[in-house]
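To start, the structure under review is shown below, and the notes come after it.
What follows draws every value from the coordinates through simple rules; no lab data is involved. These figures come from a predicted structure and were not determined experimentally. We place every Cβ from the backbone using ideal geometry, glycine too, and count neighbours over all the protein chains shown.
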Amino acid sequence: MEITLLDYGAGNVRSVVNAVERLGGRIRPVEKPADILDAERLLFPGVGNYESMIRILNEKGFVEPLRQYLTADRPFFGICLGMQALFEGSEESRSDVESIGFFKGMVKRFDTRLSVPHIGWNGIHLKQDSPLFDGVAPESKFYFVHSYHLAPEDPDCVLTTTGYDYEFASAVQQGNVAGTQFHPEKSQQVGFRFLEN
């Protein structure tokens, strides 16, 4: 199975590539905007700063092809910042650089007395059925590392929530478009099962 990988160049995607290859997938990197529209399955892992990521996506001409790909309900999976990119903006961004805006809502900084970033293993609460969680036990824990979280306007897109002083959306899905705040590629066996699904 070929997976097209969107690497905007600001983070280490080696662990994601290793996980996909371990599961028998072949990685094809996005090198130009047309590669996005040619993809059968698009994977967008992301770490780093939201504003920087969106600026780079715009500079490379990736935003409009991404919108077209997502609107066509084609298979897409975003990890961490790659999922946050699907929303209308982030409190981490100080500029008016255009976001993708596939989902309505913003990305907000944790407002908590707990330590930020939220780092480590945490559980998920499944809010709707999804084949992504086939064979994943309800009490499973996934690995997180983030200072910002989603605040979607539409609760129907929320796939899972996670508690960190308060509940936040930790995964979203609409049709074939899905994303997680947690890192399945760093979540050992449960993460590999999730990625396989």
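Using a Debye calculation, one point per C-alpha and no hydration shell, please list log10 I(q)/I(0) for region 127-196 at q = 0.20, 0.28 Å⁻¹ in order. Per q value, in the given order, log10 I(q)/I(0) is -0.85, -1.55. Working from Cα pairs under 8 Å separated by at least six residues, relative contact order for the chain is 19 percent. Within region 14-99, the trypsin sites (Lys or Arg not before Pro) that combine a DSSP coil assignment with at most 13 other C-beta atoms in a 10 angstrom radius are Arg94.
Quote the charge dipole size of region 1-72 about the Cα centre in Debye, to the nearest 20; the model charges only the Cβ of Lys and Arg (+1) and of Asp and Glu (-1).
Result for region 1-72 is approximately 160 debye, rounded to the nearest 20.
Modelled spin-label separation between Arg28 and Lys104, with each label point placed 7 Å from Cα along the Cα-to-Cβ direction: 3.5 nm.
Counting only Cβ charges, +1 for Lys and Arg and -1 for Asp and Glu, the dipole size of the chain around its Cα centre is about 480 debye.
Magnitude of the charge dipole for region 107-197, about its Cα centre and with charges confined to Cβ atoms of Lys, Arg (+1) and Asp, Glu (-1), is about 360 debye. Distance from the C-alpha centroid of region 132-197 to that of region 1-74: 19 Å, rounded to the whole angstrom.
Computed over the Cα atoms, what is the radius of gyration of region 6-91 divided by 2.2 N^0.38 Å, N being its residue count? Please list the in-between numbers first.
On the way: Rg = 12.3 Å, N = 86, 2.2 N^0.38 = 12.0 Å.
Working it through for region 6-91, the quotient is 1.03.
Where (1) 22; (2) 18; (3) 37 are the candidate values, the label of the one calculated here for percent of Cα pairs over 28 Å apart is (2).
For the chain, DSSP calls about 60 percent of its internal beta bridges antiparallel.
Modelled this way, with points 7 Å down the Cα-to-C-beta line, the labels at Arg14 and Arg94 are 3.2 nm from one another.
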